[in-house]
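Accompanying notes for the structure given below.
Where a number appears in this text, it was derived from the coordinates with a stated rule and is not lab data. Since the structure is predicted, the reported quantities are computational estimates derived from the model, not experimental observations. When we count neighbours, we look across all protein chains shown, and the Cβ atoms used for this are built from the backbone with ideal geometry, even at glycine.
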Amino acid sequence: MSVDRSSLKTGALVRQACRNGEFTGQTSGLAPGFAQANLVILPQTEALQFQEFCEKNPKPCPLLEVTVPGDPCPQILAKSADLRTDLPRYRVWRRGELVDEPTDITSLWQNDFVAFLIGCSFTFEEALIAAGLSVRHIDQGVNVPMYRTTIPCESAGMFSGPLVVSMRPFKPADAIRAVQITSRFPAVHGAPVHLGFPEQLGITDLSTPDYGDAVSVKPDELPVFWACGVTPQAVLMQARPEFAITHSPGCMFVSDLKDEELAADTTDQPGRSF
């Protein structure tokens, strides 16, 4: 049995629908006003190196919360949540290979697992819409397009790999406004990392994203690229840890935290700019 997307108005309702097996789709546009997060789960032996990787690469991997080893319940983003059941769909990785995309990982949970909840650009989309900007993948009812770039992240221990970006097209004046709006949200990727000229990122064809779905880009629009929390999945493919679990791209953890709680007065956060 599936649930109507329009009824999922809070993080708690989204998580409950996931836990009940009633919702397994992408979460862009769901629970307006509630922050969403990417998920990476690793054994404790690799967790410290991965945390260092996130700290070195704050644009694609802005950490919102790191859980206590073995505890599947976050204590900051949603105390009633269970990370084993409360996302629409997961990805299971073994030695860098994707082996499964389940909707429940309870049977796979280990008492040494550490979960990383990483800021997601779906969070600032509500602010873009409130400012009168059209978000193309929401308008088209599809997942946001995401692309692997040729820009390397900074390495940390075993973890290294390319930056992944998400793309939203805007007319030039709207693109400037989008930069201003998203700069207020450094905890969920902040300002774009690139405007126009996708070939400068190593992207040869916008119609064939590496993750998500293609969207239309009109002749008078610029493709605008934000650092993306799917970057760790590209990194896992290169690092090839023995075992890891992530969210399925676009199928995020929806928290109880309100978007505006992540807004900042600064124009962007410190750290490496790509």
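For L64, the residues 5 or more places off, or on other chains, whose built amide H falls under 5 Å of its own are L117, I118, G119.
Work through the residues other than G70 whose Cβ is under 14 Å from its Cβ and net out their charges, Lys, Arg +1 and Asp, Glu -1. Overall, the nearby charge balance is -2.
Can you tell me the FRET efficiency between F197 and I129 if r is taken as the Cβ-Cβ distance and R0 is 30 Å, rounded to the nearest 0.05? Provide the component values of the computation, followed by the final result.
Numbers: r = 26 Å, r/R0 = 0.87.
According to the calculation, E is roughly 0.70.
Between I181, Q200, N143, the Cα set farthest toward the positive side of the dipole of region 122-227 (charges on each charged residue's Cβ, about the Cα centre) is that of I181. For region 122-227, the residue among M167, L133, L222 whose Cα projects farthest onto the positive side of the dipole built from Cβ charges is L133. Shape class for region 163-274, computed from the alpha carbon gyration tensor (a ≥ b ≥ c): oblate, with a/c not under 1.5 and a/b at or below b/c. Translational D (Stokes-Einstein, µm²/s) of the chain at 25 °C and 0.890 mPa s when Rh comes from the Kirkwood sum over C-alpha pairs? Here the translational diffusion coefficient equals 133 µm²/s. Could you list log10 I(q)/I(0) for region 122-227 at q = 0.24 Å⁻¹, which the Debye formula gives when each Cα is one point scatterer? Values, matching the q order: -1.47.
Relative contact order for the chain: what percent, with Cα pairs under 8 Å and sequence separation of 6 or more? Each step should come with its number before you reach the end.
Numbers: 636 pairs, mean separation 83.9, N = 274.
Taking the mean separation of contacting Cα pairs over the length of the chain, I get 31 percent.
The HN-Hα couplings worked out from phi for region 130-141 by the Karplus form 6.51 cos²θ - 1.76 cosθ + 1.60 (θ = phi - 60°) are 4, 7, x, 8, 8, 9, 4, 5, 5, 4, 8, x Hz, whole numbers, x standing for Gly and Pro. A straight chain from A264 to Q44 at 0.36 nm per residue would run longer than the Cα-Cα distance by 76.1 nm.
Here the relative contact order of region 65-195, from alpha carbon pairs under 8 Å that lie six or more residues apart, stands at 18 percent. Here the spin labels are modelled as points 7 Å beyond Cα on the Cα-Cβ line, and at T150 and L108 they lie 3.3 nm apart. The charge dipole of the chain, taken about its Cα centre with unit charges on the Cβ of Lys, Arg, Asp and Glu (plus for the first two, minus for the last two), comes to roughly 160 debye.
Got the relative contact order for region 122-227 handy, in percent, Cα pairs under 8 Å and 6 or more residues apart?
On the way: 170 pairs, mean separation 37.1, N = 106.
Result for region 122-227 is 35 percent.
Under 5 Å from the amide H of V230 lies no amide H of any residue 5 or more positions distant or on a separate chain, with H modelled from the backbone and absent for Pro and chain starts. Just check region 84-168 against the gyration tensor rule for me: Cα atoms, a ≥ b ≥ c as the square roots of the eigenvalues, rounded for a/c under 1.5, and otherwise prolate or oblate depending on whether a/b exceeds b/c. It is oblate, given that a/c is not under 1.5 and a/b is not larger than b/c.
A crude spin-label estimate for the pair S2 and R94, with each label 7 Å from Cα along the Cβ direction, gives 3.0 nm. Couplings for region 17-25, taken from phi via the Karplus curve 6.51 cos²θ - 1.76 cosθ + 1.60 with θ = phi - 60°, read 5, 5, 4, 7, x, 8, 9, 9, x Hz in order; Gly and Pro are left as x. Extents of region 1-114, largest first, come to 40, 29, 24 Å (Cα atoms, principal axes, whole angstrom). Backbone phi angles across region 101-113, fed through the Karplus curve with coefficients 6.51, -1.76 and 1.60 (θ = phi - 60°), yield HN-Hα couplings of 10, x, 9, 8, 10, 4, 6, 9, 5, 10, 6, 10, 6 Hz in residue order; Gly and Pro are listed as x.
Extension gain for T10 to S80 (0.36 nm times residue separation, less C-alpha to C-alpha distance): 23.9 nm.
Think of it as helices only: each DSSP H run of n ≥ 4 in the chain is worth -39500 (n - 2.57), and spread over all residues that comes to -5500 deg cm²/dmol at 222 nm.
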